[in-house]
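Scroll down for the structure; my scribbles are underneath it.
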Amino acid sequence: MSIEVRSLNFSYGPRQVLRDIIFDIEPAQTLAILGPNGSGKTTLLNIIVGSLAQTSGSIIYEGKTFKHFNPRKMAQLVGYVPQTIIPVFDYSVIDYVVTGCAPQIGTFERPQEKHYDIAMKYIREMGIEHLAEKSYRQISGGERQQVSIARALAQCPTYILMDEPTSHLDFGNQIRVLKTIRQLAQSGFGVVFTTHNPDHALLVGGKAAIIDRSGKLTFGNSHQLINEALLSELYGVALCIKNIEGSDRKICFAPYLSKGENEYEDNNEHP
């Protein structure tokens, strides 16, 4: 069953951030959300997971609006990976990941062996079993990102939302996280992630949603939706999209920095 976002609006006081947002999220699908700084990407994720309440509109799953779901049901449906997590307590990685099992644990119960088995399953799937006994506070940013994804998986949700999962990561870790996103969708999860890099949306494929500076959203297939004219208007600089010869890969890149913001020369004309 899809999550349906219908005519959603959100305002911070008098400032309207999101306007008449409409799109669907499907299982086994990726959705990349792009937009300039302050366009409302993180706000939209927080509304979907229930951390913020929309000003108007609705989010519907299995014929019910999200306002009818209690926190436990929401956690069973949607797992959330924020940009940065700093635990209050100095958890080991395994103990931090097992907190993701909370929706399956009673209010006054402690995690049992089966919950640690679930946590270790996803730690292994992320390829980070060597970190299991280390302090979450003492591992690298890329490792924390992988641990946070494992924790979200331990919730056993249908959908996983990630807020800029490649931010603060080196190039290698960015590619690993993008591979993980693709693999999660292939395993049946619906994966939504925000990004400032259009090339990441093209690389992952699937669907894309672009929020412009007025708070309006355009939704569609990433390879069809993302084009040079749209990106140049969205970000205020000239950007290029080209096909890589011999593959079905499209890339997004900036033209020469020495040229004007709205024009670039062909390679043959570049000295």
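Observations on the model:
- Residue within segment 96-107 that is in contact with a strand residue (DSSP E or B) (Cβ under 8 Å, 6 or more places away or on another chain), open to solvent by 60 Å² or more (accessible area, probe 1.4 Å) and not charged (D, E, K, R) present: no
- Answer residue from segment 247-259, given it is open to solvent by less than 90 Å² (accessible area, probe 1.4 Å) and over 24 Å from the mean Cα position of the chain (by Cα) and is farthest from residue 214 (Cα to Cα) among those: 247
- Within segment 212-232, restricting attention to residues that are out of contact with any Leu (no Cβ under 9 Å at 6 or more places or on another chain) and surrounded by 12 or more Cβ atoms within 10 Å (Cβ to Cβ), the residue that is farthest from residue 196 (Cα to Cα) is 220.
- Just one of the listed residues (79, 57) is in contact with a Gly (Cβ under 8 Å, 6 or more places away or on another chain) and either of a type in the set (D, E, K, R) or assigned to a strand (DSSP E or B) (or both), and it is 79.
- Residues that are out of contact with any Lys or Arg (no Cβ under 9 Å at 6 or more places or on another chain), open to solvent by less than 70 Å² (accessible area, probe 1.4 Å) and within 20 Å of residue 12 (Cβ to Cβ), drawn from segment 51-65: 52, 54, 56
- Qualifying residue in segment 111-130 (condition: crowded, with 18+ Cβ neighbours inside 10 Å and not in a helix (DSSP H, G or I)): yes
The values are calculated or read from the model by the stated rules, or taken from the named source; none is laboratory data. The structure presented is a predicted model; accordingly, all values stated were derived computationally and were not measured. In this analysis, Cβ positions are derived from the backbone assuming ideal geometry, glycine residues included, and neighbour counts consider all displayed protein chains. Side chains included, ligands, DNA and RNA excluded: accessible areas come from the protein's heavy atoms. Shrake-Rupley method; radii C 1.70, N 1.55, O 1.52, S 1.80 Å.
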